[in-house]
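A quick write-up on the structure given underneath.
The values are calculated or read from the model by the stated rules, or taken from the named source; none is laboratory data. On a predicted model such as this, the values are computed, not experimentally measured, just so you know. Note that each Cβ is placed from the backbone with ideal geometry, even for glycine, and that neighbours are counted across all protein chains shown. Ligands, DNA and RNA are stripped out before the accessible areas are found, and what is left, the full protein with its side chains, is counted by its heavy atoms. Shrake-Rupley method; radii C 1.70, N 1.55, O 1.52, S 1.80 Å.
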Amino acid sequence: MAPVVEALLHALSGVPGADRAAIERLLDTAGGTGWDLAIPVHRFAAAAKKAPNDFATELAASLPDTPGVARRFAVGAYVNFEADPAWLAERTLAMVTALGDRYGCAAPTGRTVCVEHTSANPNAPFHIGRVRNALLGDTLARIERAAGHTVTTQYYVDDIGRQSAMVTWIWSKPREAWPPEIAATLEGGAETEERADHWLGRPYPAVAAYVKSHPEAAAELGELGDRLERGEDLPAHRRFCEAILGGMLESLRRVHVTFDEFVWESSLIHDGSVDAVIGRLRSAPHFVREENGALAIDTKSYGLPKEDERAVFLRGNGTSLYPTRDVAYHLQKFGRFERVVDVLGQDHLLHARTLEALLAEIGESRRPEFLLYQYITLPGGGRMSTRKGTVVWLDTLLDEAIDRARAEVVRRHPELPAGEAEQIAVAVASGAIRYHIVRVAADKAVAFQWEDALSFEGRSGPFVQYAYARATSLLRKAEAEGVATSAAPKGTELSTPGERDLLRVLARFPSVVAAAARTAHVHSIAGYGHDLAEAFNRFYQSTPVLKSDSERASRLALVAASRQVLANTLEMLGLERLDRM
RNA sequence: GGGCGCGUCGCACAGCAUGGACCAGUGCCCCGGAUUCCUAAUCCGGUUGACGUGGGUUCAAAUCCCACCGCGCCCGCCA
């Protein structure tokens, strides 16, 4: 592309507006036309006061020869550049081979990025309404790493506040003292058989309902919340939180989501950083004191869509609120990272704006970047809510996916040992779920559908995994038969339409990754994975490799490169690579 | 009421940032085909569209602007 830009720049010198930026913006890979690069010239023709079609014809004729460009010609008001296919093939394969795992990745930038995601309260098992945050965040972190940054992922654990206190509140009471409607939730379960998050989280919805209609219980709970914030009762509470969090993380590990660091909300209170924030907010420009002693910031000048136009940061009873602690958390992050990214449900938008306002009030100029996403709703519509009990657990979905995948594996490969079949089933299941969630743009609401989530065909994770398995098994066979792969594949031997299409998709990968990082469009990597797998499958179906003669070594090199790029794509999406499936 | 987001074949999505060959691409569904040949979780062919509505800007609008309609979310001394 760069040489073509230079050629155009040279040929268009003297035309007003024909600068490098304009050319780069207009020059694009031509869609279904079959040409590799194309540029519309209307704009330049107008500037030169000529008819667009004539201008294009003249421009095409006046362009200097460019390495890698086989042909250049005008069609209507467009100038097309057809790449020399052999040149493109050899260059692409050489690049993939040389870079290997790093193909598609940018050179290290040295910039540090913190991606905070998931951060679900440790009070119940992980449900699929929450999994979008985890998958978006985890995949974004992988993309940012590929973009050359040094990435740290953080999980902010909320162990302060009433929601978090509910579990401790109920479990700290002797079982005989539990209200019957809460105790009933334990029936049919077995402590020794269920994972901690499932077992300890069982009464949570009932507790939430109970305290709504029982003021004395609500008061007790509020008191516990305050004690926790003051640092009392913390060890017991921490044990419950850790037990449940441990279970939730187990669910997340099943879909290959892990974290570099955990930041406990209580630690920000106990190390004094929340107090420091409160002190700074007290002397902020728009500080106001409410009647009962609560402290707030007047947010009129920030244009928040809040009716009362103020953000309370300290309750009348002297305890802090979530936004206040979040300011402390962000100051901590700003101190360690150059960029700070928060993955948030779009219902937290107002909170994000409030956070920005509070940061401005204390004179902090840095801001986090927000990746906002819409929720996954129930099949009939409506939010999943742990408190309302309207959820599908991630574990339930995974178990179902594994069952279906296992059935498929056994049907296809009855000879496989059970252990290997199971391993494949697990990989296919998690791949299907990850891909299904991440393939849709974050700002699109998604209604959960079992059949869609569990699809192993078409635009799915297993589709991409399958292409990789095919490539792997082909190369395995080549090795077993002692067939050599060319170290210097000849572009002229890779000239079928299927090969050229595949080569083009391979060549596209680095710019797809760069664009995904720039826009935080995580779903575009999923889209690329499908395109690549599709191109490979078409090639595979239409072109013999091991059974070919003179082209065999070159074709094997193409297969090896495809396998490499499929591997890099799968890694970026967090899907397992399977040698067979 | 105010704010944010979304609205594209029957269903589910991509394309919108930077308008350009888009009489719009993909998957599912439906119909028909491909396995003596490297894995048929695949491939090939067929059917399916007022890009929510109306206006505007432009040589050019799914893409930008305005208004309206529909849906979702938010507007707590919850998180």
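General observations
- Residue that is nearest to A:PRO205 (Cα to Cα), among those in the stretch A:379-402 that are within 15 Å of RNA strand B (Cβ to nearest atom) and open to solvent by less than 30 Å² (accessible area, probe 1.4 Å): A:THR386
- Every residue from the stretch A:274-298 that is near RNA strand B (Cβ under 10 Å from one of its atoms) and either surrounded by 13 or more Cβ atoms within 10 Å (Cβ to Cβ) or closer than 14 Å to A:THR354 by Cα (or both): A:GLU290, A:ALA294, A:LEU295, A:ALA296
- From the list A:ALA520, A:ALA515, the lone residue that is assigned by TED's automatic domain parsing to the domain that holds A:VAL438, at positive phi and under 17 Å from the mean Cα position of the chain (by Cα) is A:ALA520.
Table: residues versus (1) modelled with pLDDT of 90 or more; (2) of a type in the set (A, V, I, L, M); (3) within 16 Å of RNA strand B (Cβ to nearest atom); (4) outside any helix (DSSP H, G or I).
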{"residue": "A:LEU9", "(1), (2), (3), (4)": "no, yes, no, no"}
{"residue": "A:SER13", "(1), (2), (3), (4)": "no, no, no, yes"}
{"residue": "A:ALA18", "(1), (2), (3), (4)": "no, yes, yes, yes"}
{"residue": "A:ILE23", "(1), (2), (3), (4)": "no, yes, yes, no"}
{"residue": "A:LYS49", "(1), (2), (3), (4)": "no, no, yes, yes"}
{"residue": "A:ASN80", "(1), (2), (3), (4)": "no, no, yes, yes"}
{"residue": "A:GLU90", "(1), (2), (3), (4)": "yes, no, no, no"}
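- A Cβ distance below 9 Å, combined with a sequence gap of six or more or placement on separate chains, defines the contacts here; from the stretch A:63-77, residues that are assigned to a loop (DSSP other than H, G, I, E, B) and among the acidic types (Asp, Glu) reach residues that are open to solvent by less than 40 Å² (accessible area, probe 1.4 Å) and within 16 Å of RNA strand B (Cβ to nearest atom) in the pairs A:ASP65/A:ALA7.
- Residue tally, condition in a helix (DSSP H, G or I) and either within 6 Å of RNA strand B (Cβ to nearest atom) or polar (S, T, N, Q) (or both), over the stretch A:513-529: 6
- Members of the stretch A:188-223 found to be free of Cβ contacts under 8 Å to residues at least 24 places away in the same chain and either under 17 Å from A:ALA120 (Cα atoms) or of a type in the set (S, T, N, Q) (or both), listed by number: A:THR192, A:ARG202, A:SER213
- Residue in the stretch A:77-87 that is closer than 27 Å to A:GLY491 by Cβ, of a type outside the set (Val, Ile, Thr) and open to solvent by 70 Å² or more (accessible area, probe 1.4 Å) present: yes
- Only listed residue being surrounded by fewer than 20 Cβ atoms within 10 Å (Cβ to Cβ), in the same structural domain as A:TYR329 (by TED's automatic domain parsing) and more than 13 Å from A:ALA442 (Cβ to Cβ), chosen from A:GLY345, A:GLY363: A:GLY363
- Within the stretch A:536-558, considering residues that are among the polar types (S, T, N, Q), in a loop (DSSP other than H, G, I, E, B) and within 9 Å of RNA strand B (Cβ to nearest atom), the one surrounded by the most Cβ atoms within 10 Å (Cβ to Cβ): A:THR543
- Taken over the stretch A:440-451, the criterion of being more than 6 Å from RNA strand B (Cβ to nearest atom), open to solvent by 70 Å² or more (accessible area, probe 1.4 Å) and not aromatic (Phe, Trp, Tyr) is satisfied by A:GLN449, A:GLU451.
- Boolean, A:ILE433 is over 19 Å from A:LEU252 (Cβ atoms) and outside any loop (DSSP other than H, G, I, E, B): no
- Of the residues making up the stretch A:204-240, those that are more than 32 Å from the chain's Cα centre (by Cα) and either assigned to a loop (DSSP other than H, G, I, E, B) or among the basic types (Lys, Arg) (or both) are A:LYS212, A:HIS214, A:ARG227, A:ARG230, A:GLY231, A:GLU232, A:ASP233.
- A:ALA533 assigned to a helix (DSSP H, G or I), within 13 Å of RNA strand B (Cβ to nearest atom) and more than 23 Å from the chain's Cα centre (by Cα): no
- Residue check, A:ALA352 under 25 Å from the mean Cα position of the chain (by Cα), within 13 Å of RNA strand B (Cβ to nearest atom), of a type outside the set (D, E, K, R) and open to solvent by less than 40 Å² (accessible area, probe 1.4 Å): yes
- Among the residues of the stretch A:256-263, none qualifies, meaning not one is open to solvent by 30 Å² or more (accessible area, probe 1.4 Å) and part of a helix (DSSP H, G or I).
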